[in-house]
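The values are calculated or read from the model by the stated rules, or taken from the named source; none is laboratory data. The structure presented is a predicted model; accordingly, all values stated were derived computationally and were not measured. All Cβ positions, even for glycine, are placed from backbone atoms using ideal geometry, and neighbour counts span all protein chains on display.
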Amino acid sequence: MRQFQGGDRKAFGILVGRHKTSMFNFILRQVRDRGIAEDLTQDTFVRVVQSAASFKHEARFSTWTYAIARNLCIDHLRKSALRRHASLDQPVGRDGDTQGATLSERIADNRPESSAERTAVSADIGARVNRALDALPAEQREVFLLRQLGQVPFKDIAEITGVSENTVKSRMRYALERLQEALIEYEDLARVRK
């Protein structure tokens, strides 16, 4: 960031390359629409350019950009809540998130199951995970996504969200408990496949 502030335009490309995927994933989970997430990710980096001179290096660059992204998501969600009708551009069904491995892909499987069965189980688990994440209170979902997708430290999440680090850790614990409850039926499946 110091290089970019000093006029090195290539440094900005490096920053975008390092952070755009995790930023996009965080935003996508917040707004649940791939097109909007792409726009908000781009808007985040536009804001970084516009505010580059004000970045003082007191916080980590990622913390600062997550705060920008969070604020853009909050603004978007507030505007969306004011609309009483569904957008014609809004996709129907799942958000189409294909980033990262699914839970079933992460489970070691040595059994000879048909690929159709595995695909069905994978789709079911993915849908259940998405519903479980959507059912979390906004504060818990936000902390979970920052920590898990963004790998942001608890201290930085506290700074981004404006609450204490202990509150952030509590929100994470409650989010994990709720997700565990929602996905309990897959626990046996995971043990069998190990």
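Some notes on this structure:
- Screening residue 53 on (1) exposed (fewer than 13 other Cβ atoms within 10 Å of the Cβ); (2) of a type in the set (A, V, I, L, M); (3) assigned to a loop (DSSP other than H, G, I, E, B) shows it passes everything except condition (3).
- Restricting the first member to the stretch 1-15 and to residues that are surrounded by 14 or more Cβ atoms within 10 Å (Cβ to Cβ), and the second to residues that are polar (S, T, N, Q), the beta-carbon pairs closer than 7 Å and six or more apart or on different chains are 11/3.
- Residues (surrounded by 20 or more Cβ atoms within 10 Å (Cβ to Cβ) and either on the phi > 0 side of the Ramachandran plot or β-branched (Val, Ile, Thr) (or both)) located in the stretch 16-31: 27
- Members of the stretch 37-60 that are among the aromatic types (Phe, Trp, Tyr) and at pLDDT 90 or above: 45
- Number of the condition not met by residue 49 [criteria: (1) more than 20 Å from residue 144 (Cα to Cα); (2) under 15 Å from the mean Cα position of the chain (by Cα)]: (2)
- Per-region count, the stretch 56-73, residues within 22 Å of residue 10 (Cβ to Cβ) and exposed (fewer than 14 other Cβ atoms within 10 Å of the Cβ): 1
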